[in-house]
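To keep things clear, I will list the structure first and then write my remarks on it.
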Amino acid sequence: MSFNGTAAYQLKRAIELLKLNDETAKALLEPRRSLEVTFSVRMDDGRIRVFKGYRVQHTDVLGPVKGGIRFHPNVDLDEVKALATLMSIKCSVIGLPYGGGKGGVTVNTKELSEGELERLSRGYIRAIAQFVSSEKDVPAPDMYTNPQIMAWMVDEFAVINQANDFAFITGKPLSIGGSVGRNAATARGGFFVTRAACEKEGISLKKAKIAIHGFGNVGGNAARVFDAEGSKVVAIADSRTGIYDPQGIDVELAHEIKARTGALKDYPKGQKITAEELFQCDCDILVPASMEEVITKDNAPLIKAKVIAELANAPITPEADEILATKGITILPDILTNAGGVTVSYFEWVQNRMGYYWTAEEVEEKLEKLMYKAFEDIYKFKQENNCKDYRLAAFAIATNRIVQAMRDRGWI
Ligand code: GLU
């Protein structure tokens, strides 16, 4: 995904709607700081490999920046800038006291051993250490990073600073300051938003057929949440295989097979389809939960869903957005729908700073409240301002909050 693509395009629509001047647009569109690093990692065979890493702070006007670290072969500065921009908007949509950040390393983790992955994670933190802290920039997991990686990173940061600063990173294991509910938070938050939107549109979630593209932490948990709430998950897909079963997928069996074999291809029931074919299947709610720009002008015309709940970041290209709008499909935008993850990350940061931890019920209740409030604010703005879509309304509300803080601080 390029910075001048999806993220900047959506932000420019909000800038236009809010009639912001050129200087304000520049302050919003240009990230405040970008760091590019090169660091060495010793491989198991004794060789040294040199990796490229990035950390971008889009804006820290509302507080420290917040956003995940991605380990993926496609990571480059441009993509990290785009994702950091989306994080600013996402945090502001929920009303979190954060700006947006993002980090990443260009790497295929599937080629690394556990030891190599640990040395890569520690090496990356050493390379960006002066750039981050619980008051400046708070990383978290993203694609191909997880609680174990956060644990190595928090440990390396403690070695560098000779002090435990658990609040410097979120998505940690429970044993070292993680929050209950963080792992399933993105999926749970997405469910709350989808339920709220379906209530407005008169769609019953109890009977709804759900198709989920992506079966990692977000997609896998989404399948569990929708299934547990009584919807029928009719299709799932990981990066290689899709499965369609109008009778309903056995979600726990799919999880068991994915955990045991690392893939969905041995799932014994239903019909095998390609991951791409999932987009055309007969469903009421489509949940892209894999990666960006998977819904394009080519497959958008084939989509049959009434609602698309974006659990991945930027899964729909701007061209596809237009096509889906003319088909009357409701899109629940990523910056709201997948904000449950960063919201529980915020709870984790708050708990770390208090040194006092909440129960699962407390986390769930607080998450539900914030997600509903954000949805209601966006719904109201959309109605009152005659906005075409939820995405524009969400960008406008979030951008307004950022601009207000920029004015108050004398930045614009
Ligand atoms: N990587 C996640 C996202 O894109 C979570 C970020 C966080 O928890 O800070 O929203």
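The values are calculated or read from the model by the stated rules, or taken from the named source; none is laboratory data. Bear in mind the structure is a predicted one, so any value in this text is a computation, not a measurement. Quick reminder, even Gly has a Cβ in these numbers, built from the backbone with ideal geometry, and neighbours come from all protein chains shown. With ligands, DNA and RNA removed, areas are computed over all heavy atoms of the protein, side chains included. Shrake-Rupley method; radii C 1.70, N 1.55, O 1.52, S 1.80 Å.
At 1.4 Å probe size, with no ligands or nucleic acids counted, give the accessible surface of Val159 in Å², nearest ten.
80 Å²
Between Glu36 and Ser133, what's the calculated FRET efficiency when r is the beta-carbon distance and R0 is 25 Å? Round to 0.05. Could you put the intermediate results ahead of the total?
Working: r = 19 Å, r/R0 = 0.78.
The formula returns an efficiency of 0.80 here.
Taking R0 as 25 Å, what's the FRET efficiency between Thr326 and Glu376 from their Cβ-Cβ distance, rounded to 0.05? Provide the component values of the computation, followed by the final result.
On the way: r = 27 Å, r/R0 = 1.07.
Plugging the Cβ-Cβ distance into 1/(1 + (r/R0)^6) gives 0.40.
Need one number: nm distance between label points at Leu174 and Gln404, each 7 Å from Cα along Cα→Cβ, rounded to one decimal.
Distance between the two pseudo-spin positions: 3.8 nm.
Charges at C-beta only: +1 for Lys and Arg, -1 for Asp and Glu. How large is the resulting dipole of the chain about its Cα centre, in Debye rounded to 20? Can you show the working numbers first?
Values: 52 positive and 54 negative charges, 88 e Å.
Approximately 420 debye in magnitude.
How much net charge surrounds Asn21 when only other residues with a Cβ under 14 Å from its Cβ are counted (Lys, Arg +1; Asp, Glu -1)? The partial results should precede the final answer.
Details: positive: Lys12, Lys19, Lys26, Arg407; negative: Glu16, Asp22, Glu23.
Local net charge: +1.
Run lengths n ≥ 4 of DSSP H only: what is the helix-derived mean residue ellipticity at 222 nm for the chain, with -39500 (n - 2.57) per run over all residues, to the nearest 500? Show your work: numbers first, answer last.
Details: 13 runs with 181 residues, N = 412.
Rounded to the nearest 500, it is -14000 deg cm²/dmol.
How much length is gained if the chain between Arg47 and Gln247 is pulled fully straight, taking 0.36 nm per residue apart and subtracting their Cα-Cα distance, in nm to one decimal? Intermediate results must be reported in sequence, preceding the final value.
Numbers: separation 200, 0.36 × 200 = 72.00 nm, distance 5.16 nm.
The span from Arg47 to Gln247 would gain 66.8 nm if fully extended.
So how far apart, in nm, are the two label points at Val350 and Lys207 if each is 7 Å from Cα heading toward Cβ?
Going by the 7 Å Cα→Cβ label model, 3.9 nm.
Where does the charge balance sit around Thr241 when Lys and Arg score +1, Asp and Glu -1, over other residues with C-beta under 12 Å from its C-beta?
On the way: positive: Arg240, Lys258, Lys265, Lys272; negative: Asp238, Asp266, Glu276, Glu277.
Residues near Thr241 contribute 0 overall.
How high is the relative contact order of the chain, in percent, with contacts defined as C-alpha pairs under 8 Å that are six or more residues apart? Don't skip to the end; give the middle numbers.
Working: 880 pairs, mean separation 67.8, N = 412.
For the chain, the relative contact order is 16 percent.
Just to make sure I understand: if all protein chains stay in place, what is the order of Leu29, Leu332 by accessible area at 1.4 Å, largest first?
Details: Leu29 30, Leu332 0 Å².
My answer, sorted largest first, is Leu29, Leu332.
Build a GNM of the chain with springs between Cα atoms under 10 Å: which of Ser204, Ser239, Ser134 gets the top mean-square fluctuation?
Ser204
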